[in-house]
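Report on one structure; see the data block that follows.
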Amino acid sequence: MREFDLYRHTAPKPETHVIVLTADKQFDLARDFLNQRDYALAVAEFRRFIYFFPMDPRIGRAQLYMADAFFRADAWEPAIATLDALIVNPATPRHIAFQALLLRSRCHQALNRFDQARLDLQYLLDQDIDPLTRDKAGYELGWIDIAQHNWSAAAASFALVRPSVQSRHQIGALIDALRHTDLKPQQKSPVAAGLLAIIPGAGHLYCGRYQDALIAFALNGLLIGAAVESFDHDLPVLGALITAAGVGFYSGNIYSAVSSAHKHNRRVSADYANRLQKQFKIDLSLISLKNGIGMYATWMF
């Protein structure tokens, strides 16, 4: 046994490396992924931070950043769910809750839930908030009004932004454009379209829908001609059926002309709103800063 022990080969023990996970390291890692636009990993690492350090005072910020990662990845429903939990939590600091309301409003806007987005912003504006948050709320509210083609309300919303901020971001010029908006020369009267449609195709012609005008004129003309031919050839039943079909197409032609005028007007308003966005809109988004929460502005061209 001694001889065996003397010549036995013994492998050296491997060195053991202990990695200590601290709250600071975990939070910085998650924030770095967010700034690098790796949103899936940012969400995963912020969740890990919340799980391992539930008593850390940065829990609210971590939840807000996680919701922002969802938002930037166009995962608006998970972002809203995260923000809902953050907003209703009584332990959430007020300034974090206010930023969460701003971000939730933007999520609702992305989902075309403009009424809910407006409620979040109106609630914020009714609170005792800092001037910067009020500027952001007024700015976002103005763009909701533009999305809903309410030009005068949009001008009033943008006017909530402080004059010093207006001058830096062309908001004053935007307010002036909204106050002098007159789209009537480009719009079509639904009443006029309906009256002109008494002559098949004329209503569509007025709305600039030339192919529909030709189809309406030709189809109604064919049905009228077929009905007359049927009665002339002593086919009253067939003539009555064709007449009934013709009346249906004729009334549908009038309805379609009125609808075309409304669609034209909505398109004119939407085009104007898009031009305003391209010329004036800046994108306010959450970013993670070293010492807290901030915003950045990116011009949209």
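The table below gives the values:
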read-out	value
Filter result for R61 (in contact (Cβ under 8 Å) with a residue 24 or more places away in the chain and buried (at least 21 other Cβ atoms within 10 Å of the Cβ))	yes
Which numbered condition G208 fails, given (1) surrounded by 13 or more Cβ atoms within 10 Å (Cβ to Cβ); (2) over 26 Å from the mean Cα position of the chain (by Cα); (3) in contact (Cβ under 8 Å) with a residue 40 or more places away in the chain; (4) closer than 22 Å to D271 by Cα	(1)
First in segment 26-38 and closer than 15 Å to Q63 by Cα, second anywhere and β-branched (V, I, T) and modelled with pLDDT of 95 or more, Cβ under 9 Å, 6 or more apart	A30/V43; F33/V43; L34/V43
Looking only at segment 147-169, and only at residues there that are modelled with pLDDT of 90 or more and part of a loop (DSSP other than H, G, I, E, B), the one that is farthest from I129 (Cα to Cα)	H149
Sole exception among (1) touching a His at 6+ places or on another chain (Cβ under 9 Å); (2) at pLDDT 70 or above; (3) of a type in the set (V, I, T); (4) more than 30 Å from D176 (Cα to Cα) for I198, by number	(1)
Residue in segment 107-114 that is surrounded by 21 or more Cβ atoms within 10 Å (Cβ to Cβ), of a type outside the set (V, I, T) and touching a strand residue (DSSP E or B) at 6+ places or on another chain (Cβ under 9 Å) present	no
Residue in segment 206-220 that is part of a loop (DSSP other than H, G, I, E, B), not charged (D, E, K, R) and not assigned by TED's automatic domain parsing to the domain that holds G142 present	yes
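The values are calculated or read from the model by the stated rules, or taken from the named source; none is laboratory data. All values derive from a computational prediction rather than experimental measurement. We place every Cβ from the backbone using ideal geometry, glycine too, and count neighbours over all the protein chains shown.
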